[in-house]
Each structure stands twice: as C-alpha cells, then as structure tokens.
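A short write-up of the structure that comes next.
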Amino acid sequence: MKVLVCVKPGQLSQQRLPMPQPAAAEVLLKMCALGVCGSDIHAFHGRQPMMQYPAVLGHEISAEVVACGQDATRYHPGQQVVVIPYRHCGRCVACRRGRTTCCTSLSVMGIHRTGAMQEYVTVAEDALVAVTGISHLQAALIEPYAIAAHAVRRSGVTQGVSLLVVGAGAIGLGVADIGRSLGAEVIVAETDQQRQAFAAEHYGFAHVLNPLDSDFERQLLALTQGDGPQIVIDATGNPASMNRQVERIAAGGTLVFVGLHTGEVRFNDLAFHKRELDLLGSRAADGEDFIKVITLLQQGKINPEKLCTREISFTELDQFQFEQLNQPGNVKSVILF
C-alpha cells in the first residue's frame with residue numbers, strides 16, 4: 001500500500017509498505033477521506049514538539065471496515081466509521097474522574113502514534129464510531145467539529161445566550177456553527193479579511209466583527225444589549241487575543257480557551273474578579289462529542305462540509321502538493337482515497 005511518511009521536518013516521502021493486519025481487538029480500515037489538521041502542517045514543518053520522526057501524519061478519518069480481529073465483534077466489513085484518534089490510560093486522576101480528554105498520558109494518532117496518511121490502517125475497535133447517511137468528506141470533518149463541540153459543551157451554551165467566538169479558523173467556525181445549532185446568539189470576531197468573508201458568506205453568520213476596528217467594543221456591546229457576551233470561546237491561540245477577553249465578557253460569564261498557546265497568558269485580575277468569571281480550558285474530544293456532532297449532522301443542523309476549501313486525491317498527493325495545502329485562504333483540505 002502507499003504510505004506518506006514525514007521522514008524529518010520538511011521532507012515527505014512516498015513509500016510502499018505491507019498492508020497492516022489487525023490484532024485481536026483491532027479493526028482493519030480502508031481509508032476513504034482524511035482531513036488535514038493544522039497539527040499535521042505544524043508537524044511537517046517541525047513545529048510539533050511532541051512529534052518523533054519518521055512519522056505518518058493524519059487523524060481526521062472517515063473509513064470503511066475491511067476486516068476485524070478475533071475479539072472485535074461490534075463492526076462488520078463494509079461499514080462506514082469515523083475514528084476517535086485519542087487514547088487515554090484509564091488509570092490517572094483525570095481518567096478516574098471521567099475527564100479522559102485531559103488524561104496525563106493522552107496520545108494522539110498521527111502525533112504520538114502512527115497516523116492515517118496511508119491506504120489502510122488498523123485501529124482499536126473501541127476507538128470507532130459508526131456513521132450512516134453521511135458522505136466520507138463530511139465524516140472526515142467530524143473530528144475537528146468534535147473538538148469544537150467539546151469546547152461548546154464545556155462552556156454550557158444554552159438557548160438564547162450571547163456567544164462570542166474569537167477566531168474563524170476551522171475550530172472557531174465549528175464552535176460558531178454548533179453554538180448556533182443550539183440556539184445561541186453567535187457573534188464571530190476575526191482579524192483576517194478572507195476569514196471574515198468566509199464566515200459571513202459560506203456560513204451565513206450575520207455578525208462578523210473585526211476586533212482590531214476602533215469601534216469593535218461599541219459594536220459588541222450594541223449586539224449584547226450593553227452587557228457583553230455571556231460566553232466567549234477563544235479559538236485563536238493568540239495570547240494578545242486571549243488576554244483581552246476578560247475585559248469583554250459579561251459579568252458572571254464563562255470564558256473558554258480552545259486555541260492553544262504554548263507560552264504564558266496574562267490578563268487583568270481586577271476585570272476577572274469583578275465579573276466573577278468561569279475560566280475553562282478545552283482539549284481534544286471524547287465519544288460524547290463525536291456522537292453529538294454526528295447527531296446534529298444527521299439532523300441537518302450543522303454544516304462541517306463547508307469547512308472544506310480544497311479536495312485532493314491521495315494518488316496525487318506528494319510533498320509538493322502537501323506544501324500547497326497551507327496556502328492563504330485555505331480553511332481546510334480533505335484528502336480523498
């Protein structure tokens with residue numbers, strides 16, 4: 001089978017390797033579609049600190065069951081599935097409390113373990129979720145939407161709340177789309193003009209603001225009846241953005257950081273205390289988040305396929321083509337097998 005191996009930062013090599021065989025509790029999958037995550041791009045360029053090379057990238061998976069190990073009995077050949085690419089230990093303090101997304105030994109497919117940029121892959125049976133009535137392209141975008149769904153669930157979004165989503169990349173758009181499906185009054189903040197236009201034109205968000213505009217604060221207050229947004233979910237990973245949100249949120253509100261910044265975040269403590277804010281982090285997703293996204297998708301309430309701005313065939317994919325996937329204006333690429 002064809003496998004694309006990131007041999008070292010900046011070098012992607014086409015290789016022919018034997019098809020893997022499933023262990024007793026594993027399932028052999030034929031890849032059908034694979035979303036390209038920002039972490040894949042970072043890993044290719046050597047900006048993923050947990051990556052060990054050589055590595056096979058990719059974890060946003062839609063696939064078809066080919067064969068099952070002797071102890072894997074829940075799925076059958078021909079069935080469409082998506083993969084939960086995170087593995088937790090089940091023993092640490094987080095796992096014991098049911099918080100598997102912050103397992104102290106969390107590993108991610110395509111980063112800590114072999115990824116899916118290959119024609120066939122073996123996956124533990126308990127990492128699969130069956131899907132029906134969903135195209136492979138849509139299904140490959142369930143994983144980034146599940147990350148967004150986890151942030152939304154952490155925030156406690158309910159019908160009628162004002163929700164400011166900061167950052168209109170793939171995760172931010174997923175947060176905004178899911179928030180809207182749950183009845184939130186969504187406001188999107190984004191500095192990039194192309195992303196502003198994409199959020200407004202492709203997703204139809206009525207309120208897309210530029211936080212660098214001189215009257216941004218006035219616009220935000222006008223849209224929230226002078227209160228400020230009740231919930232803010234920051235998907236930028238930008239410390240300047242993250243620092244400012246405590247000054248924009250309504251009193252008694254909730255602030256969730258889903259965008260990752262590897263350095264320090266500092267904010268005005270008086271603004272934080274006066275508002276008695278809830279400050280939360282959001283990491284990865286679990287089975288409940290995947291099921292939520294699949295349910296909303298099957299009900300026609302969300303549109304993950306709108307993220308896709310480029311499709312490419314795996315047969316054509318090489319290092320040159322992969323490097324082109326990170327062009328300005330490209331929100332999300334999907335590899336079709």
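Observations, loosely collected:
- Members of segment 229-250 found to be assigned to a loop (DSSP other than H, G, I, E, B) and either of a type in the set (Ser, Thr, Tyr) or within 19 Å of Arg195 (Cα to Cα) (or both), listed by number: Ala235, Thr236, Gly237, Asn238
- Residues within segment 244-267 that are open to solvent by less than 50 Å² (accessible area, probe 1.4 Å) and more than 24 Å from Gln48 (Cα to Cα), tallied: 8
- Any chance Arg47 is touching a Pro at 6+ places or on another chain (Cβ under 9 Å), open to solvent by 40 Å² or more (accessible area, probe 1.4 Å) and either assigned to a loop (DSSP other than H, G, I, E, B) or closer than 21 Å to Ala149 by Cα (or both): yes
- Here segment 210-219 is the region considered, the condition is being out of contact with any His (no Cβ under 9 Å at 6 or more places or on another chain) and assigned to a helix (DSSP H, G or I), and the residue that is surrounded by the fewest Cβ atoms within 10 Å (Cβ to Cβ) is Arg218.
- Annotation for segment 144-154: no member residue is at pLDDT 95 or above, assigned to a loop (DSSP other than H, G, I, E, B) and surrounded by 18 or more Cβ atoms within 10 Å (Cβ to Cβ).
- The lone exception for Ser39 - which of (1) within 22 Å of Val334 (Cβ to Cβ); (2) of a type in the set (Gly, Ala, Ser); (3) at pLDDT 95 or above it fails: (3)
- If the condition is being closer than 11 Å to Val121 by Cβ and part of a strand (DSSP E or B), then segment 1-31 contributes Val3, Glu26, Val27, Leu28, Leu29, Lys30, Met31.
- Matching residues, segment 76-108, being surrounded by fewer than 16 Cβ atoms within 10 Å (Cβ to Cβ) and not polar (S, T, N, Q): His76, Pro77, Gly78, Cys89, Gly90, Arg91, Val93, Arg96, Arg97, Gly98, Arg99
- Filtered residues of segment 63-115 (kept if touching a Ser or Thr at 6+ places or on another chain (Cβ under 8 Å), of a type in the set (Lys, Arg) and under 17 Å from Ala146 (Cα atoms)): Arg87
- The sole residue among Gln159, Gln118 that is touching a residue at least 24 places away in the same chain (Cβ under 8 Å) and open to solvent by 50 Å² or more (accessible area, probe 1.4 Å) is Gln159.
- Filter pass, Leu223 being open to solvent by 30 Å² or more (accessible area, probe 1.4 Å), in contact (Cβ under 8 Å) with a residue 60 or more places away in the chain and among the hydrophobic types (A, V, I, L, M, F, W, C): yes
- Of all residues making up segment 298-337, the number that are in contact with a helix residue (DSSP H, G or I) (Cβ under 8 Å, 6 or more places away or on another chain), at negative phi and surrounded by fewer than 13 Cβ atoms within 10 Å (Cβ to Cβ): 2
- Residue within segment 229-242 that is small (Gly, Ala, Ser) and open to solvent by less than 10 Å² (accessible area, probe 1.4 Å) present: no
- Segment 171-186, residues that are buried (at least 24 other Cβ atoms within 10 Å of the Cβ) and either under 10 Å from the mean Cα position of the chain (by Cα) or assigned to a helix (DSSP H, G or I) (or both): Ile171, Gly172, Leu173, Gly174, Val175, Ala176, Asp177, Ile178, Gly179
- First in segment 190-209 and farther than 23 Å from Leu221 by Cβ and in a loop (DSSP other than H, G, I, E, B), second anywhere and at pLDDT 95 or above and open to solvent by 20 Å² or more (accessible area, probe 1.4 Å), Cβ under 8 Å, 6 or more apart: His202/Lys306; Tyr203/Asn303; Tyr203/Lys306
- Selection of segment 271-297 for residues being over 14 Å from Val129 (Cα atoms) and either open to solvent by 50 Å² or more (accessible area, probe 1.4 Å) or modelled with pLDDT under 95 (or both) yields His273, Lys274, Arg275, Glu276, Asp278, Leu279, Arg283.
The values are calculated or read from the model by the stated rules, or taken from the named source; none is laboratory data. Remember, predicted model here, so these are calculated numbers, not experimental data. Note that each Cβ is placed from the backbone with ideal geometry, even for glycine, and that neighbours are counted across all protein chains shown. Heavy atoms of the whole protein, side chains included, go into the accessibility calculation; ligands, DNA and RNA do not. Shrake-Rupley method; radii C 1.70, N 1.55, O 1.52, S 1.80 Å.
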